[in-house]
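For reference, the structure is listed below as structure tokens.
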Amino acid sequence: MSDALRRFPRIASNHSVLVTKLDNGAEGFGMTKTIALGGCCVVSTERVGVGSSVELLIAIDRDHVVKALGRVVYERVLEDGYCEVGVEFVHINDEDAKAIEGLFELRERPRVPAL
């Protein structure tokens, strides 16, 4: 699906994530593949389960960890055995949403060549 058809544009992302299933407390680590204001795609060694409610702790940088509650909307097992887990955010506070917006702003800034 192209970004023009998506409700929330997304960007490539490579941030560490702790995923906690809310029904049983099971935890696992992964890395974001893409991120948007409405959710993210996490690459993980474990399947989470479509429809599962999760808490995500996403390390944006050394000073900020985004906390979001979400729902797993898709899972895809990759050829290498890893799993792409698509998570729709159902709750994220304003400060954490602004941190994600900041990632988009960094991506859009023109690069100035070094002298």
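The values are calculated or read from the model by the stated rules, or taken from the named source; none is laboratory data. What you are looking at is a predicted structure, and each value in this text was computed from that prediction instead of being measured. FYI the Cβ positions are ideal-geometry reconstructions off the backbone, even for glycines, and counts take in every protein chain you see. To get the accessible areas, we keep the full protein, side chains included, count just its heavy atoms, and leave off ligands, DNA and RNA. Shrake-Rupley method; radii C 1.70, N 1.55, O 1.52, S 1.80 Å.
Quote to one decimal, in nm, the extra length available between Ser53 and Ala97 on full extension: 0.36 nm per residue of separation minus the C-alpha distance between them. Intermediate values should be presented prior to the final figure.
Numbers: separation 44, 0.36 × 44 = 15.84 nm, distance 1.90 nm.
Stretched out fully, the Ser53 to Ala97 stretch lengthens by 13.9 nm.
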Exercise for the section: Identify the trypsin sites (Lys or Arg not before Pro) of segment 1-88 meeting these criteria: DSSP loop state and at most 11 other C-beta atoms within 10 Å of the C-beta. Expected result: Arg6, Arg7, Arg62
Completion exercise
Extension length gain for Arg62 and Asp80 (0.36 nm per residue less Cα distance), in nm, is 3.5 nm
Exercise for the section: Provide the net charge surrounding Tyr82, with neighbours chosen by a C-beta distance below 14 Å and charges set as Lys +1, Arg +1, Asp -1, Glu -1. Expected result: -2
Practice task
For segment 58-100 and segment 19-41, write down the distance between their C-alpha centroids in whole Å.
Solution key: 4 Å
Problem - Positive minus negative residues near Lys33 (Lys, Arg vs Asp, Glu; Cβ under 12 Å) - result: +1
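Let me spell out the model: positive unit charges on the Cβ of Lys and Arg, negative unit charges on the Cβ of Asp and Glu, origin at the Cα centre of the chain. What dipole size does that give, in debye rounded to 20? Don't skip to the end; give the middle numbers.
On the way: 14 positive and 18 negative charges, 58 e Å.
Around 280 debye, computed over the chain.
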Exercise for the section: For the chain, give the percent of accessible area contributed by carbon and sulfur heavy atoms, probe 1.4 Å, rounded to a whole number. Expected result: 52 percent
Practice task
State the answer as a single residue: which of Gly49, Asn24, Leu37 lies farthest towards the positive end of the charge dipole of segment 1-82, with beta carbon charges of +1 for Lys and Arg and -1 for Asp and Glu, about the Cα centre.
Solution key: Leu37
Problem - Exposure of Val73 as accessible area (Å², to 10), given a probe of 1.4 Å and all protein chains - result: 60 Å²
Handout entry: the chain, accessible area per residue, ligands and nucleic acids excluded (1.4 Å, Å²)
Key = 66 Å²
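Below 8 Å between Cα atoms, with a sequence gap of 6+, how large is the relative contact order for the chain in percent? Numbers along the way, then the final one.
Values: 235 pairs, mean separation 24.4, N = 115.
Value for the chain: 21 percent.
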